[in-house]
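Below: the structure, in structure tokens.
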Amino acid sequence: MMVSTFLPQGMRIHGGTDRHGAAQHDFSTNSNACGPCPAALQAVWRADASAYPDASYTALRGQLADFHGVDTARIVLAASASEFIFRITALAAQTAGVASAASAAGGGGGVWLPPHSYGDYAQAASAHRLTRAGEPGQAQLLWACEPSSPLGAAQAGLAAVADARQENAMVVLDRAYEPLRLGGALSLTQAQLQTVWQLWTPNKALGLTGVRAAYAVAPVGAGEAVFQLDQLSASWPVGAHGVALLQAWLDPGVQTWLADSLVTLRGWKARQIALCEALGWDCLRSDANFFCARPALPEGLSLQQALDQLRVQGIKLRDTASFGLPGHVRVSVQPPAAQDALHNAWQLSIKAHQ
């Protein structure tokens with residue numbers, strides 16, 4: 001039996017609404033601050049919740065396949081990105097178990113993670129008692145994300161990771177923030193993309209994160225894995241509102257709205273970085289609608305204390321310690337009014353501490 005080498009179990013840490021409710025100025029999630037997209041929101045409102053969706057999602061899968069220019073058989077629907085993360089990890093655990101049973105030496109499975117990554121990758125691996133591989137070539141399942149989280153930057157050595165995997169290993173590229181890319185370019189070629197799983201979650205780009213729906217584009221030749229993932233899925237993983245969201249995502253008018261929002265976000269991002277740097281924060285380079293920063297803290301004031309004080313004032317930032325990046329916060333790009341509120345609240349907190 002494989003033993004988990006991940007962090008001990010505990011409360012899952014996420015941005016967004018918490019036990020205090022929704023923050024007035026929420027910098028802790030990476031949802032598109034220009035949203036919600038009006039057309040997508042209307043589509044969700046119009047969804048018919050009185051009837052089941054087609055259990056096979058025939059029309060939706062075909063529409064998604066056309067959008068990406070792939071065969072319909074390569075589309076895998078999911079209740080959310082997190083649901084897909086746990087489901088494909090379950091498949092990797094099954095595959096690793098079969099490989100271990102067939103191997104005289106045992107082993108042969110595990111999960112490889114980037115140095116800083118979304119916590120559900122590790123959480124899912126821990127739940128399925130998979131080891132954390134030290135090298136890409138030792139893993140049955142490899143995770144990648146670009147633009148990455150929490151950094152919002154290119155993932156170092158992504159192409160090498162994809163090329164270094166062992167035979168039959170699965171590489172999953174989380175593309176949650178590709179639609180919100182404000183600079184840079186993907187590290188993989190189109191040919192390399194056809195060899196990895198691509199996980200898409202349009203709700204962030206459309207500013208509708210409360211609607212849970214996602215999908216993956218399977219690699220070429222992964223028909224057996226697609227079948228196994230379907231067998232591992234509950235019936236109707238995506239409800240009527242999720243179907244409406246994904247179909248709206250494909251609409252040319254919605255894509256135009258998204259492209260226009262990126263122009264706005266670029267301007268807001270430049271202003272927000274300048275404001276944070278004026279506070280003495282060290283802002284790290286980012287290609288997405290969010291970035292990481294190390295706040296300048298006076299002696300005796302911890303980062304957690306500072307974040308708690310901001311939260312009382314209706315402002316929430318994301319501590320990146322759970323991503324393996326202590327001493328920093330992840331800050332999503334927000335409108336100027338929210339930026340000014342952050343600036344004023346931070347100065348007030350620092351002044352109160354002095």
Taking a probe of 1.4 Å, how large is the accessible area per residue of region 234-354, in Å²?
-> 43
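How big is the dipole moment of region 250-351 about its Cα centre under a simple scheme where the beta carbon of each Lys and Arg is +1, that of each Asp and Glu is -1, and everything else is neutral? Debye, nearest 20, please.
60
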A 1.4 Å probe over the protein heavy atoms gives the chain a carbon and sulfur accessible-area percentage of 55
Contact order relative to length for the chain, counting C-alpha pairs under 8 Å separated by 6 or more residues, stands in percent at 25
Starting at the first residue of region 121-127, write each ³J(HN,Hα) from the Karplus equation 6.51 cos²θ - 1.76 cosθ + 1.60 with θ = phi - 60°, in whole Hz, x for Gly and Pro.
-> 4, 5, 4, 5, 5, 5, 4
Under the 7 Å Cα-to-Cβ spin-label approximation, D71 and H20 lie apart by a distance in nanometres of 5.2
For region 107-176 the translational diffusion coefficient, Stokes-Einstein from a Kirkwood Rh over Cα pairs at 10 °C and viscosity 1.306 mPa s, in µm²/s, is roughly 132
Exposed GluC sites (Glu not before Pro) absent - longest run of the chain, DSSP non-H/G/I/E/B, at most 13 other C-beta within 10 Å = 1-166
Scaled by the rule-of-thumb 2.2 N^0.38 Å, the alpha carbon Rg for region 257-321 gives a ratio of 1.28
What percentage of all Cα-Cα pairs in the chain are separated by more than 33 Å?
-> 31
Using a Gaussian network model of the chain whose springs link C-alpha atoms within less than 10 Å, name the residue from A164, A92, A337 with the highest mean-square fluctuation.
-> A337
Tell me, how many Å apart are the Cα centres for region 13-83 and for region 134-169?
-> 25
With every protein chain kept in place and a 1.4 Å probe, region 143-199 has an accessible area per residue in Å² of 34
³J(HN,Hα) across region 255-269 via Karplus (A = 6.51, B = -1.76, C = 1.60, θ = phi - 60°), whole Hz, x for Gly/Pro?
-> 5, 5, 4, 4, 4, 5, 5, 5, 4, 5, 5, 4, x, 4, 5
Run the numbers on region 172-250 and let me know its relative contact order in percent, using alpha-carbon pairs under 8 Å that are six or more apart.
-> 29
Considering amide H positions built from the backbone, and no H for Pro or chain starts, which residues 5 or more places from V171, or on another chain, come under 5 Å of its amide H?
-> L142, W197
Near W281, within a Cβ-to-Cβ distance under 15 Å, what is the net charge of the other residues, with Lys and Arg +1 and Asp and Glu -1?
-> +3
With R₀ set to 45 angstrom, the calculated FRET efficiency between the beta-carbons of Q190 and H353, to the nearest 0.05, is 0.30
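If I take every Cα pair under 8 Å that is 6 or more residues apart in region 251-354, average their sequence separation and divide by the length, what percent do I get for the relative contact order? Could you put the intermediate results ahead of the total?
Details: 111 pairs, mean separation 29.6, N = 104.
Once divided by the residue count of region 251-354, the mean separation gives 28 percent.
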Treating the Cα atoms of region 220-354 as identical point scatterers in vacuum, please give the log10 of the normalised Debye intensity I(q)/I(0) at q = 0.16 Å⁻¹, two decimals.
-> -0.90
Gain on full stretching of the segment that runs from R311 to D48 - 0.36 nm per residue minus C-alpha separation = 90.9 nm
Residue-by-residue Karplus 3J(HN,Hα) for region 166-178, coefficients 6.51, -1.76, 1.60, Hz, glycine and proline x | 6, 4, 6, 6, 10, 10, 10, 9, 7, 10, 4, 9, 4
Candidate aspartates and glutamates - alpha carbon under 15 Å from K204, same-chain residues fewer than 8 apart omitted | D26, E146, D174, E178
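Using only the Cα atoms of region 125-256, construct the convex hull and provide its projected area averaged over every direction, in square nanometres to one decimal.
Values: hull surface 38.0 nm².
Result: a mean projected hull area of 9.5 nm².
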In whole percent, the Cα-Cα distances of region 147-202 spread across 5 Å bins from 0 upward as 4, 18, 30, 28, 14, 5, 1
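The values are calculated or read from the model by the stated rules, or taken from the named source; none is laboratory data. In this text, all values refer to a predicted model and were calculated from it rather than measured experimentally. We place every Cβ from the backbone using ideal geometry, glycine too, and count neighbours over all the protein chains shown. These accessible areas exclude ligands, DNA and RNA; they are computed on the full protein's heavy atoms, side chains included. Shrake-Rupley method; radii C 1.70, N 1.55, O 1.52, S 1.80 Å.
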